[in-house]
Amino acid sequence: MNTKNSIAAVGCALVLSACGGGGGGGGGGGGTSPAPVQTAGLSTITAANAPKAASDSYVAGNLIGVWSLPATDLLAGASVTPTGGSVVSPVLDLLRHAYDGKGADLLTGAAVSYSCTGGGSLTLDETAVHDHTTISNGDTLTFIATSCTEAGGTTNGKLSVKASGASGNVFYTATGTLTLDSTFNDFSVATGGTTQIVNGDMKISITSTSSTDATFAISGASLQLTEQRSGATVAAVTLSGYSANTVMQGRTGSTKADFKVSGNANGLGQFAYTVKNLQPFVRTTGSTPSSGSLIVYGGVSTVTATVVSNGVRVDYSANGNGDVTQSSTLSWSDFSTDF
């Protein structure tokens, strides 16, 4: 095994903080109604827990959103900073730095270990790399973090990535395509008193059309997140049968997503919902969404969350027929907090 100095930017991508503004589902607000949803097995949403059901569904959607940076930075520019709660950014950041000019000569052995600036290590185990400067079809890499401390976060666990559909070089040219099949194995980040642990699969398909514009299609069978605070588990949720599409144009992004979410979270207990998009969430990097809505199905009842001028309007329909039984408006800080 070779040992090299750390690539400082690598660690910046590893922090997963489910802060405000991100991916999302859809619903409400005058959009086109989604296809009928099979409600058997879904948990009943009540008037009391409707705001929490909407909020937690939105936060869950952040996992598969692309919000932390504009496309030009996310693919080829500055290192990804710990924002947005997305698990997409670490995959892109680690891949980009594995093939950059500094690390290209390191991809010649079976494994390379980078020392992290705050302690610990990040090991790159390359199964097959055809060109050490450009990602190619069939390239397979595994990143193993061992108490790797960077940018205020400590990372452990494994991330495996296999490339396909590669044309051009999305990381270093203005145009190109790339698909990344990723697998998370106890991939965890601890920052402050919070630890997030991710397991499951994710496919990331990228089409970059210019130096500022790109489309990200995210999908997967199952993605599990366990969130702990001060050692106690506050949420254990699973996204299943999920898909999300983000169009980035400069610093403005539009995201829509559909998924099932189930598990256990403080304030909700055990739950199972289906989340659909009616209107994409639109936001400029660094700001809260300016528009968008999601709908959460739970048994016969539904709750919609719609962006309004002073926050998020939450509309509860006890019969799930669109008739609003209860309505309230929450600030973004109240709506988009962690689980």
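Do we find a residue being among the charged types (D, E, K, R) and within 23 Å of Leu42 (Cβ to Cβ) anywhere in the range 281-288? No, the range 281-288 contains no residue that is among the charged types (D, E, K, R) and within 23 Å of Leu42 (Cβ to Cβ). Being in a loop (DSSP other than H, G, I, E, B) and touching a Lys or Arg at 6+ places or on another chain (Cβ under 9 Å) is a description that does not apply to Gly220. Remark: Tyr273 matches the filter, which requires a residue to be of a type in the set (Phe, Trp, Tyr), within 23 Å of Val324 (Cα to Cα) and buried (at least 21 other Cβ atoms within 10 Å of the Cβ).
Val189 meets each of the listed conditions (1) touching a residue at least 40 places away in the same chain (Cβ under 8 Å); (2) in a loop (DSSP other than H, G, I, E, B); (3) of a type outside the set (S, T, N, Q) apart from (2). Answer yes or no: is there a residue in the range 129-139 that is under 19 Å from Ala111 (Cβ atoms), free of Cβ contacts under 8 Å to residues at least 40 places away in the same chain and assigned to a strand (DSSP E or B). No, that holds for no residue.
Only one of the listed residues (Thr252, Thr238, Thr212) is in contact (Cβ under 8 Å) with a residue 24 or more places away in the chain, of a type outside the set (A, V, I, L, M, F, W, C) and out of contact with any Pro (no Cβ under 9 Å at 6 or more places or on another chain). That residue is Thr238. Looking across the range 278-310 at every residue that is surrounded by fewer than 18 Cβ atoms within 10 Å (Cβ to Cβ), at pLDDT 90 or above and of a type in the set (Gly, Ala, Ser), the one that is nearest to Thr252 (Cα to Cα) is identified as Ser290. Here are the criteria: (1) touching a Lys or Arg at 6+ places or on another chain (Cβ under 9 Å); (2) more than 30 Å from Thr46 (Cβ to Cβ); (3) not hydroxyl-bearing (Ser, Thr, Tyr). Tell me which single one Gly250 does not satisfy. Evaluating Gly250 over (1) touching a Lys or Arg at 6+ places or on another chain (Cβ under 9 Å); (2) more than 30 Å from Thr46 (Cβ to Cβ); (3) not hydroxyl-bearing (Ser, Thr, Tyr) leaves (1) as the failure.
The rows are residues; the columns are (1) under 19 Å from Pro51 (Cα atoms); (2) among the aliphatic types (A, V, I, L, M).
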| residue | (1), (2) |
| --- | --- |
| Thr233 | no, no |
| Lys256 | no, no |
| Val300 | yes, yes |
| Val303 | yes, yes |
| Arg313 | yes, no |
| Gln326 | yes, no |
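Scanning the range 146-177 for residues that are in a strand (DSSP E or B), touching a Gly at 6+ places or on another chain (Cβ under 6 Å) and in contact (Cβ under 8 Å) with a residue 12 or more places away in the chain, we see that the one that is farthest from Ala265 (Cα to Cα) is Gly168.
The values are calculated or read from the model by the stated rules, or taken from the named source; none is laboratory data. Small disclaimer: the values here were computed from a predicted structure and weren't measured. As a convention, Cβ positions derive from the backbone with ideal geometry for all residues, glycine included, and neighbour counts pool all protein chains shown.
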